[in-house]
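I have placed the structure first, in the form of structure tokens, so that the comments after it can refer back to it.
The values are calculated or read from the model by the stated rules, or taken from the named source; none is laboratory data. A quick note: this is a predicted structure, and the numbers were derived from the prediction, not measured. Heads up, the Cβs are rebuilt from the backbone with ideal geometry, glycines too, and the neighbour counts pull from every protein chain shown.
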Amino acid sequence: MTAACASVLVLGLGNDLLGDDAVGLHVAREVRSRLHGAAGCAVRETMEMGLALLDEIVGCEHLILVDAIETGKEPPGHVHEFDVDALVGRRITAPHFVGVAETLALGRTLGLAMPRDVRIFAVEVKDALTLGVTLTPEVQRAVNPAAGRIAAFARGLAGPGA
Amino acid sequence: MNAVTDQITNESAAPAEAADQRRRVTIEPITRLEGHGRIEIFLNAGGDVEHAYLQIPELRGFEVFSLGRPAEDMPQITSRICGVCPTAHHMAATKALDDLYQVEPTPTARKIRELVYNAFILEDHALHVYVLGGPDFIVGPQAPAAERNLVGVIGKVGIEVGKRVIAMRRRVRELITYFGGKVIHPVMGLPGGVAKGLAPADLPRFKELAKDALDFAMFTNQVFHDLVLKNADYVKLIKADTYTHRTCYMGLVDPQNRLNFYDGQIRVVSPTGTEYARFPASRYRDFIAERTEPWSYMKFCYLRPLGWNGFSDGPQTSVYAVAPLARLNVADGMATPLAQQAYEEYVGTLGGKPVHHTLANHWARVVEMVQAAETMVALTDDPGLTGADIRLLPTKKPSIGVGVVEAPRGTLFHHYETDERGLITKANLIVATQNNAARIAMSVEKAAKGLISGHKVTEGLLNMVEMAFRAYDPCFGCATHTLPGHLPLRVRIHDSAGAVVREIVQE
């Protein structure tokens, strides 16, 4: 179990070996340098997913997830922003995976301290299936602006003094 | 040796070029892992199903990424590729390093590896039983869609059970972390041993965990009884012809032909259940070949000595399956007493061996949980587990190493070749879902054939084909970080000219 129970948790998700899939990790690192220890804010990165996220998010009040997304409807580098409710109602179709919304629902059902709200920032990827440790240029260019936007959002949630 | 590997590659490449005429085909030289799921269905001129398969996009560039890296990095690299079964990749890679450096792990090191591995199998299977397969069997195939999810499962088995599943999962991960650091970046396996031993003072908590794991596995066996086996409709569904294929099976067995997850020889049985082959991992290329089809992106594994006899079951088939159902078919029995009891009931209820019912994978998984837990108990009771001698240093020059384990989803091969300095010159993986690809295609096709006729598509197609492949627990793990976190299942139906005539998407 991760100890920090910050009021705002920025959690970057991704796989650091899978090209653009790592964009959430890159953005989270940038957010950390921008927040540099702002009161009530914590920034973490994880390569885990599904139920493993329960360990990360228990106890935080506001959760901000940063992830990669592939909709094919926006150009690579586009930052999608939505609340977790947008994912509710989707059922499991990938046989070995539990989605974020379902993980939250499970946590609440089991009486765990789940975040009150979850905002998701997701960067449209170009290639998240080729092994490699660099982002494609379009996605790389999105990292700094996304980090700025997320840091501002996190400060807003944490309130004065953050 | 290289010639054989090259041959596999070339065999695959030729038909792939034909496929290229119609659609873009991504054929990387060696390795494919898994990503998004898509069902492709091809109709003939009469509008009936000609072929169907589950398409899983390939993770590209594994071999290129590996070239020139120290072989010792492979257990870390491969465990990072897949967030679903990092421990299986870590262990298969570690065993490939043992083989590469021709060094046997010390007895204590082997016990530690087996403890970690059996704990991992228990956790992963529990996750499938309650979370992923649960919606099909614990909640039920006829339940409303809104209830067929994780919260629905908890509703059926109770919150306390939900808490137990989560707690067991966390404790198993603590065990893995104790020996290897992070679950996704484990630094446990080294050629000839492990990086960290078990301090005698820490043994009691792992003994306790093993005991609780066994309680939990037996409890799960009971849950399966109460909710599934007492329901005649479920048993009928398991035995339904739609979900039955008479194929060959592959899995690891110990010297007494009992099921083993960590080590042993690979045994293959025919559709009648007789032993067809028994071989060490190093000979996998003599027995496994891969084939591409002009209508598919996938490569389909089959038994090389038998030649390709099409997507057909019965006496002439060269298609084989891996995973729990297959493991219980290749083994003469389980390695532990309570699992053996559960196994005998399984075989008896399903009409004897081999069991050809794909949906029986769900039950076989429960039987395997019992063996994994009993093995944990036996290992934590073994005084040799806390020995200090945890590594034998390699002294020989490396050249070729092959490692195999039974991943939760089936037999997993890692194959590396290196120069004298131990730098990778060739790397190949065959993952469970690849081994199962041909049989999964047959299952999808059979379900589709029952529901499509003369261009007419019966509603309910998605649920039926989903049930057909979900039992195999095919791995989509590698790409699932990408939101929405699950992958919408997409079915495309092509006419006889290859054009898409209908697409069904389940969000």
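One table, with the values for the structure above:
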{"item": "Hey, B:Leu214 within 14 Å of B:Leu115 (Cα to Cα) and either in contact (Cβ under 8 Å) with a residue 40 or more places away in the chain or not aliphatic (A, V, I, L, M) (or both) or not", "result": "yes"}
{"item": "Residue count for the stretch A:110-131, restricted to those that are within 8 Å of another protein chain (Cβ to nearest Cβ), touching a residue at least 24 places away in the same chain (Cβ under 8 Å) and assigned to a loop (DSSP other than H, G, I, E, B)", "result": "4"}
{"item": "Residue tally, condition at pLDDT 95 or above, out of contact with any Pro (no Cβ under 6 Å at 6 or more places or on another chain) and not in a strand (DSSP E or B), over the stretch B:409-428", "result": "3"}
{"item": "Residue among A:Val66, A:Val10, A:Val27 that alone is in contact (Cβ under 8 Å) with a residue 12 or more places away in the chain, within 12 Å of chain B (Cβ to nearest Cβ) and among the β-branched types (Val, Ile, Thr)", "result": "A:Val66"}
{"item": "Single residue of the stretch A:100-131 satisfying the filter (at pLDDT 90 or above and among the small types (Gly, Ala, Ser)) that is surrounded by the most Cβ atoms within 10 Å (Cβ to Cβ)", "result": "A:Gly107"}
{"item": "Any chance B:Ala497 is modelled with pLDDT of 80 or more, among the small types (Gly, Ala, Ser) and at negative phi", "result": "yes"}
{"item": "Strands (runs of 3 or more DSSP E) wholly inside the stretch A:8-89 that include at least 1 residues being in contact with a Pro (Cβ under 8 Å, 6 or more places away or on another chain) and not charged (D, E, K, R)", "result": "A:8-13, A:62-69, A:79-83"}
{"item": "Residue list for the stretch B:399-408, restricted to those being outside any strand (DSSP E or B) and surrounded by 24 or more Cβ atoms within 10 Å (Cβ to Cβ)", "result": "B:Pro408"}
{"item": "Filter result for B:Thr247 (out of contact with any His (no Cβ under 6 Å at 6 or more places or on another chain) and crowded, with 19+ Cβ neighbours inside 10 Å)", "result": "yes"}
{"item": "Filter result for the condition that a residue is of a type in the set (S, T, N, Q), in contact with a strand residue (DSSP E or B) (Cβ under 7 Å, 6 or more places away or on another chain) and either modelled with pLDDT under 95 or at negative phi (or both), over B:Ser282, B:Ser312", "result": "B:Ser282"}
{"item": "Out of B:Leu359, B:Leu325, sole residue that is under 27 Å from B:Val465 (Cβ atoms), out of contact with any Ser or Thr (no Cβ under 8 Å at 6 or more places or on another chain) and outside any loop (DSSP other than H, G, I, E, B)", "result": "B:Leu359"}
{"item": "Close pairs from the stretch A:132-157: first more than 14 Å from A:Pro75 (Cα to Cα), partner crowded, with 19+ Cβ neighbours inside 10 Å and among the aromatic types (Phe, Trp, Tyr), Cβ under 7 Å, at least 6 apart", "result": "A:Gly132/B:Phe65; A:Ala146/A:Phe121; A:Ile150/A:Phe121"}
{"item": "Where B:Lys236 falls short, out of the listed (1) within 30 Å of B:Gln142 (Cα to Cα); (2) touching a helix residue (DSSP H, G or I) at 6+ places or on another chain (Cβ under 6 Å); (3) of a type outside the set (Ser, Thr, Tyr)", "result": "(2)"}
{"item": "Counted residues, the stretch B:362-384 - those being over 22 Å from B:Ala471 (Cβ atoms), among the polar types (S, T, N, Q) and within 21 Å of the chain's Cα centre (by Cα)", "result": "1"}
{"item": "Which numbered condition A:Thr46 fails, given (1) crowded, with 23+ Cβ neighbours inside 10 Å; (2) modelled with pLDDT of 80 or more; (3) closer than 28 Å to B:Leu127 by Cα; (4) not small (Gly, Ala, Ser)", "result": "(1)"}
{"item": "Complete set of residues in the stretch B:54-98 that are under 18 Å from the mean Cα position of the chain (by Cα) and outside any helix (DSSP H, G or I)", "result": "B:Leu54, B:Gln55, B:Ile56, B:Pro57, B:Glu58, B:Leu59, B:Cys82, B:Gly83, B:Val84, B:Cys85"}
{"item": "Positions within the stretch B:362-390 being assigned to a loop (DSSP other than H, G, I, E, B), among the charged types (D, E, K, R) and surrounded by 17 or more Cβ atoms within 10 Å (Cβ to Cβ), in sequence order", "result": "none"}
{"item": "Per-region count, the stretch B:285-322, residues surrounded by 17 or more Cβ atoms within 10 Å (Cβ to Cβ) and part of a helix (DSSP H, G or I)", "result": "4"}
{"item": "Where a residue in the stretch B:283-304 is small (Gly, Ala, Ser) and its partner, wherever it lies, is part of a strand (DSSP E or B) and at pLDDT below 90, with Cβ under 8 Å and at least six apart", "result": "B:Ser296/B:Glu40; B:Ser296/B:His51; B:Ser296/B:Tyr53; B:Ser296/B:Gln55"}
{"item": "Among (1) surrounded by fewer than 17 Cβ atoms within 10 Å (Cβ to Cβ); (2) at pLDDT below 85; (3) of a type in the set (D, E, K, R), the one test that B:Asp73 misses", "result": "(2)"}
{"item": "Which numbered condition B:Leu393 misses (of (1) modelled with pLDDT of 95 or more; (2) buried (at least 24 other Cβ atoms within 10 Å of the Cβ))", "result": "(2)"}
{"item": "Residue within the stretch B:40-61 that is within 27 Å of B:Phe120 (Cα to Cα), touching a Lys or Arg at 6+ places or on another chain (Cβ under 9 Å) and modelled with pLDDT of 90 or more present", "result": "no"}
{"item": "Matching entry among B:Lys397, B:Lys446 (being among the basic types (Lys, Arg) and over 30 Å from B:Phe469 (Cβ atoms))", "result": "B:Lys397"}
{"item": "Any hit, the stretch A:76-86, residues being within 9 Å of another protein chain (Cβ to nearest Cβ), within 14 Å of the chain's Cα centre (by Cα) and surrounded by 22 or more Cβ atoms within 10 Å (Cβ to Cβ)", "result": "no"}
{"item": "Residues of the stretch B:225-284 satisfying the condition of being aromatic (Phe, Trp, Tyr) and not in a loop (DSSP other than H, G, I, E, B)", "result": "B:Tyr234, B:Tyr243, B:Tyr249, B:Tyr276, B:Phe279, B:Tyr284"}
{"item": "Subset tally (residues that are touching a strand residue (DSSP E or B) at 6+ places or on another chain (Cβ under 7 Å), closer than 22 Å to B:Leu379 by Cα and not in a loop (DSSP other than H, G, I, E, B)) for the stretch B:329-354", "result": "3"}
{"item": "Candidate set: the stretch B:139-180, residues that are buried (at least 18 other Cβ atoms within 10 Å of the Cβ) and either in contact with a Lys or Arg (Cβ under 8 Å, 6 or more places away or on another chain) or part of a loop (DSSP other than H, G, I, E, B) (or both); chosen: the one farthest from the other protein chains (Cβ to nearest Cβ)", "result": "B:Phe179"}
{"item": "Matching residues, the stretch B:241-263, being within 22 Å of B:Lys449 (Cα to Cα) and in contact (Cβ under 8 Å) with a residue 40 or more places away in the chain", "result": "B:Thr242, B:Tyr243, B:Thr244, B:His245, B:Arg246, B:Thr247"}
